[in-house]
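To start, the structure itself, in structure tokens.
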Amino acid sequence: MLTVRKLHWMAILITVLCCHSVAGAEEHLLIPDPFEFDPDFQFFAPAEFSDYGSDSGPPTGFFFTYDRLYMFTTRPQQEAGSQVGHEDWDSSWANRFEFGYMTDDDCGWLISATRLHSPNVTFGGAGGYADAVTEEIEESIIDITSLTLNDLRYDGVELNRVWRRPMLRKGAFLEPFVGLRLNHLTSVNNQNYTVTIEEEETEEEETGEEETGEEETGEEETGEEETEEEETETNIIARAYEINSENRMYGGQVGFRLVYPNGRWVYSTEARAFGLANYQQLVVVGFDSDGQREFVVGGELRFGAAYMLTRDISARFGMEYLHFARGIARATEVPSQNDEDVGSIGTSFGLTVKR
């Protein structure tokens, strides 16, 4: 029976061999001569298009795209085995750069780099370490306040071998690809707990004998007087924890890009499916640290529309969804919870050159 570790290395090995064998069968190197495609550098020439896209057919040569993304990312789970806190999404910005080329033989390479910035959102919750704090307290608890900082950062790099299939109906064309994917996902969770407790103290005081003096009757009155005083004190206990997680993921992916040009507009759909070996490191500052391995599966969908400003330059916008379905360690209140999923959905806008 294959172990998870063997499956990790088999996936990486198969992807590398596929890319190497395909690249070896072609005459073009990964980085060709920049003047091999005979560029004219007329980036601002008037757009050439018809009802079925560009009159000159799908573009060849070097291409470049830049996208600015506004993404909503899920929060970490706050309780083991449940979705508490995980159903909420926090927003942040991201940048994506893509560079590559396509030859006249309808094959090429694509390099993509993405960086997602941290949401840095503070939200409330209780459980996990908050319970550990209150277990030591026997007095009555007035209030518990838990503030958690969701700090997640994502970096991704792709190297893909791309082919362009024969043109379909109405100028549409399909570009399947296979490649390597490297992802780095870190999460920092600063948790601050404030526990307010009420403690009652009772003190008894004896005043002793008290002489009241002699009255006209000659009788003497004496007695003992006891008083009880109750004091209430309010104490506040504050504790802070810092939890760091790191996911280094390596593996392969397959996907396709379907392009449908229509006049000045170019519509596109992209899909990716990937399997990654994840090397995790989870550190609870002041407590312990742990390193584990998991297998990550996931996918990505992109929908876009580009408007041709000139022959080579287009403005584009779209929507996309990225999902790591399993195997992610988040900086949560539950250190053993290293098999979470992470979802990110949002919009994009940017520019593309010759694609």
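Every residue, every condition in (1) on the phi < 0 side of the Ramachandran plot; (2) open to solvent by 50 Å² or more (accessible area, probe 1.4 Å); (3) of a type outside the set (A, V, I, L, M); (4) modelled with pLDDT of 70 or more, yes or no:
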| position | (1), (2), (3), (4) |
| --- | --- |
| Ile236 | yes, yes, no, no |
| Arg239 | yes, yes, yes, no |
| Glu242 | yes, yes, yes, yes |
| Tyr250 | yes, yes, yes, yes |
| Tyr260 | yes, yes, yes, yes |
| Thr269 | yes, no, yes, yes |
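Among the residues of region 244-263, are any charged (D, E, K, R), touching a residue at least 40 places away in the same chain (Cβ under 8 Å) and closer than 27 Å to Trp109 by Cα? Yes. Total residues in region 97-110 satisfying the condition of being open to solvent by 10 Å² or more (accessible area, probe 1.4 Å) and over 23 Å from Pro166 (Cα atoms): the figure is 1. Against the test of being farther than 15 Å from Ala277 by Cα, at pLDDT below 95 and either touching a strand residue (DSSP E or B) at 6+ places or on another chain (Cβ under 8 Å) or assigned to a strand (DSSP E or B) (or both), the options Arg302, Arg330 yield a single qualifying residue, Arg330.
Given the criterion crowded, with 16+ Cβ neighbours inside 10 Å and modelled with pLDDT under 95, identify the matching residue among Leu185, Leu180, Leu168.
Working: Leu180 fails: modelled with pLDDT under 95; Leu168 fails: crowded, with 16+ Cβ neighbours inside 10 Å.
Criteria check complete, one pass: Leu185.
Residue count for region 333-350 satisfying the condition of being crowded, with 16+ Cβ neighbours inside 10 Å, hydrophobic (A, V, I, L, M, F, W, C) and at pLDDT 85 or above: 1.
The values are calculated or read from the model by the stated rules, or taken from the named source; none is laboratory data. Just so you know, these numbers come straight off a predicted model, no measurement behind them. Counting neighbours? That spans all protein chains shown, and the Cβs are built from the backbone with ideal geometry, glycine included. Ligands, DNA and RNA are stripped out before the accessible areas are found, and what is left, the full protein with its side chains, is counted by its heavy atoms. Shrake-Rupley method; radii C 1.70, N 1.55, O 1.52, S 1.80 Å.
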